[in-house]
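The values are calculated or read from the model by the stated rules, or taken from the named source; none is laboratory data. Since this is a predicted model, take the numbers as computed values, not measurements. Note: ideal-geometry Cβ built from the backbone for every residue, glycine included; neighbour counts use all protein chains shown.
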Amino acid sequence: LRAERAQRASESWIARTAYLPTLGARANFSSSAADTAHFLFEQFEARTTYELGLEWELFGGFGRERGTSQARAELRAAEEGLRAGELALEAQVRAGYLALLTAYATQGARAEDVELAGQELALAQERYRIGALSFPDLQESQLTFTAAETAYIRSAYGFFLALADLEEASGRPLLETLPAARTANPAPAPPAPASP
C-alpha cells in the first residue's frame, strides 16, 4: 500500500508538469554533392542546422486539468487505502491483544480450579480412607479433578493460539517477552490416589 501511494504521488507530480513549457533542441547534419557523374568527394557541400524551440500550451481542451485532477484523486484514494489498511491492522492487533489477555486470565482461573479440585480430591481420599465417604463420591471427586485438568489444558492451548494470532497480526515474535508465571509452570500435580 505504501508503494502504491508513492506511485500515485509520482503520477500526480508528473501530471502537474503538464503546465510547464516544453523545451526542445534539435541538430541536423547533412552533406550533398552536386556532381554525381565523376563522384568527386571533395566537392561535398556540408550543412549543419541547429534548432531550439520552446512550446507552451495555453489551452488544451482541459486535458491537463482532467489529468491533474484524476492524478490527485488517485493519490487521495491511495492515501485513504493506506490509512484503511493501517486502521484494519491496528484493530486486528488490538483484538488479538484483548483475546490474549482473556486467554491469560482464563488460564489463571483454570489453574486455580485445578488446585482447588486437587485439594478437594485429597480431602475426599482422606475421608474415604477413614470410611466417611463412599466410593462413588470419591470417583466424583476424581472426575472433577480430571475435568479441571482438561479445562486447564484447553485454556493453555487457547492461550497459545491467541498468542500465535497476535504474533501474526503484529509481525513480531512475542513468546520471549512473556512472564514465565503461568506459561512455564504446569498445573499442580494431582494427589496420589487412595487404595480402596
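Things to note:
- Qualifying residue in region 145-153 (condition: in a helix (DSSP H, G or I), at pLDDT 95 or above and either farther than 30 Å from L175 by Cα or in contact with a Leu (Cβ under 6 Å, 6 or more places away or on another chain) (or both)): yes
- Comparison of E112, E126, E120 shows that the only residue that is assigned to a helix (DSSP H, G or I), in contact (Cβ under 8 Å) with a residue 12 or more places away in the chain and out of contact with any helix residue (DSSP H, G or I) (no Cβ under 6 Å at 6 or more places or on another chain) is E126.
- Qualifying residue in region 19-32 (condition: at pLDDT 75 or above and within 30 Å of L175 (Cα to Cα)): no
- Checked across region 146-166, the condition of being without any contact (Cβ under 8 Å) to a residue 24 or more places away in the chain, more than 30 Å from S10 (Cα to Cα) and aromatic (F, W, Y) holds for at least one residue.
- Within the option set L89, L98, L174, being at pLDDT 90 or above and surrounded by fewer than 16 Cβ atoms within 10 Å (Cβ to Cβ) holds for one residue only, L98.
- Of all residues making up region 48-75, the number that are surrounded by fewer than 12 Cβ atoms within 10 Å (Cβ to Cβ) and either modelled with pLDDT of 75 or more or part of a helix (DSSP H, G or I) (or both): 1
- Residue in region 102-136 that is farthest from L161 (Cα to Cα), counting only those that are among the hydroxyl-bearing types (S, T, Y) and surrounded by 13 or more Cβ atoms within 10 Å (Cβ to Cβ): Y128
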